[in-house]
Amino acid sequence: MNKTQLFEQIKNKKSFLCVGLDPVMELIPKHLLKYENPVLEFNKQLIDATKDLCVAYKPNTAFYESMGLKGWETLIRTWEHIPADIFTIADAKRGDIGNTSAMYADAFFNKDKSGMGFDAITVAPYMGKDSVSPFLSYTDKWVILLALTSNAGHSDFQLHQTLEGKLYEEVIRISSQWADSNQLMYVVGATRGTEFENIRRLAPDNFLLVPGVGAQGGSLAEVCRYGLNSTCGLLVNSARSVIYAGNGEDFAEKAREEALRLQQEMAQILQAAGLV
C-alpha cells in the first residue's frame, strides 16, 4: 500500500487508528480456550469486530515468537485474516548487519518465501544505513524507524545531546537521506507530546507511527495538535485499551466500542483539519 492509498483509507474511514494485536494467553477470555488455537481465534474475532474502524493492524512479533512454532503459525494466519485493503505492520524492531537484515526483510516481506507479506516493519536504526538498506530494497514496502519512543528508558540514548542536536534528531536527519516519505516512517511515542512539533520540522511529510495512546496515557488531542500534516501523517496505535476492553464472551463487542470511540474522536479531528 503506497502513501496515496493509505491516505485514501484514512479519508474513507475517517480514521487513522492502528490496532495492536499483542495477545497474552493469560489475558484472553477463558471461553476461547476451547478452540484449537485460542490466540488465533482471539485475533480473528478482534479483526472482524474492528476492521471497518481502523486503517492498520500491528502485531508485535515478540508475542508470537514466545509461543515457538505455533506462534509463528498464528502470526502467519493472523496476517492472512487481515483484509487486503488494511495496512499491516510487523512490529519486529529488527536491525542487524546487512546480510542478516536481508533475511529479516524476506521473513516479513517475501510472501512466497515465508508466508507473510506485511506492508511495513519496525526497524532499529542503531547499526546504521547498511542494516536498514535491505528492508528499503523492497521498494513497495515501508520501513518504520524507531525515533523517539514512549518507554521510560528512552532518555538513556534518544535525548543524548550531540554536536548537531539530540540523538533522535540525528536519526531522523540522517535517515531521511536514505529514502523519502513514500517509504520511510518513524516511531514517535504519544507520551512525547510537544516534541511532535520539533519532529515535524525534521520530517514534515513522513507518516509517524504513534504508540502510547490509551493505556500508556498519551493524549490523542496533543499528538494531533502538533503531529497532523496535509495527508494526516499519523497512524495512532492502541493495543491494550482495545483488545482487552472486555474479557468475557462479549470481548469483541467491547473492543469495537473502544475502537469506535477512538475512530469518532479521530473523525472530528480530521474534519476540523479539513482533511475529510
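The values are calculated or read from the model by the stated rules, or taken from the named source; none is laboratory data. Note that the coordinates shown come from a computational prediction; the quantities given were computed from them, not determined experimentally. No Cβ is skipped: glycine too gets one built from the backbone with ideal geometry, and neighbour counts run over all protein chains shown. Only protein heavy atoms, including side chains, enter the accessible area calculation; ligands, DNA and RNA are left aside. Shrake-Rupley method; radii C 1.70, N 1.55, O 1.52, S 1.80 Å.
Please report, ordered by residue number, every helix of the chain (full DSSP H runs) that is 27 Å or longer along its axis going by C-alpha atoms and whose mean Kyte-Doolittle hydropathy reaches -1.0.
Working: long enough: 251-272 (32 Å, -0.51).
Length and hydropathy pass: 251-272.
When the surface is traced with a 1.4 Å probe over the full set of protein chains, residue 103 keeps roughly 110 Å² accessible. Using a probe of 1.4 Å on the protein chains alone, the accessible area found for residue 167 is around 60 Å². Largest first, the residues 111, 34 sort by 1.4 Å accessible area into 34, 111.
Using a 1.4 angstrom probe, figure out how much accessible area the chain has per residue, in square angstrom, rounded to the nearest whole. Before the final figure, lay out the partial values.
On the way: 12010 Å² over 276 residues.
Each residue of the chain exposes 44 Å² on average to a 1.4 Å probe.
Per-residue surface analysis assigns residue 96 an accessible area of about 50 Å², computed on protein heavy atoms at 1.4 Å probe radius.
For segment 142-205, which GluC sites (Glu not before Pro) pass both filters: DSSP loop (anything but H, G, I, E, B) and at most 15 other C-beta atoms within 10 Å?
On the way: sites: 164, 169, 170, 195, 197; in loops: 164.
Passing both the DSSP loop test and the Cβ count: 164.
Could you order 72, 142, 79 so the one with the most accessible surface comes first? Probe is 1.4 Å.
Of 72, 142, 79, the descending order of accessible area is 72, 79, 142.
Here the dipole of the chain is about 260 debye; that uses its Cα centre as origin and unit charges on the Cβ of Lys and Arg (positive) and Asp and Glu (negative). The fraction of accessible area contributed by carbon and sulfur in the chain is 50 percent, rounded to a whole number (1.4 Å probe; ligands and nucleic acids excluded).
Structural size metrics of segment 68-158, computed from C-alpha coordinates, are Rg and Dmax of 13.9, 40 Å.
Could you check what % of the DSSP bridge pairs in the chain are antiparallel, to the nearest 5?
Details: 3 of 31 bridges.
Antiparallel bridges make up about 10 percent of those DSSP assigns within the chain.
For segment 178-276, which semi-axes, largest first and in whole Å, follow from the square roots of 5 times the eigenvalues of its Cα gyration tensor? The three semi-axes for segment 178-276 are 26, 14, 12 Å. Based on C-alpha pairs under 8 angstrom that are at least 6 apart in sequence, the chain has a relative contact order of 22 percent.
Considering helices alone, the calculated mean residue ellipticity of the chain at 222 nm is -12500 deg cm²/dmol, with DSSP H runs of length four and up weighted by -39500 (n - 2.57) and normalised per residue.
Taking the Cα centre of segment 1-107 as origin and assigning +1 to Lys and Arg Cβ atoms and -1 to Asp and Glu Cβ atoms, the resulting dipole is close to 320 debye.
Once the Cα gyration tensor of the chain is diagonalised, what are the square roots of 5 times its eigenvalues, in whole Å and ordered largest first, as equivalent ellipsoid semi-axes? Intermediate results must be reported in sequence, preceding the final value.
Numbers: eigenvalues 155, 106, 60 Å².
Over the Cα atoms of the chain, the semi-axes work out to 28, 23, 17 Å.
Starting from the Cα gyration tensor of segment 25-98, take the square roots of the eigenvalues, sort them a ≥ b ≥ c, and report rounded, prolate or oblate (rounded when a/c is under 1.5, otherwise prolate if a/b is larger than b/c, else oblate). Oblate shape, in that a/c is at least 1.5 and b/c is the bigger or equal ratio. Over segment 1-143, the pair-distance histogram of Cα-Cα distances with 5 Å bins from zero comes to 2, 10, 19, 21, 19, 15, 9, 4, 1, 0 percent, rounded to whole numbers.
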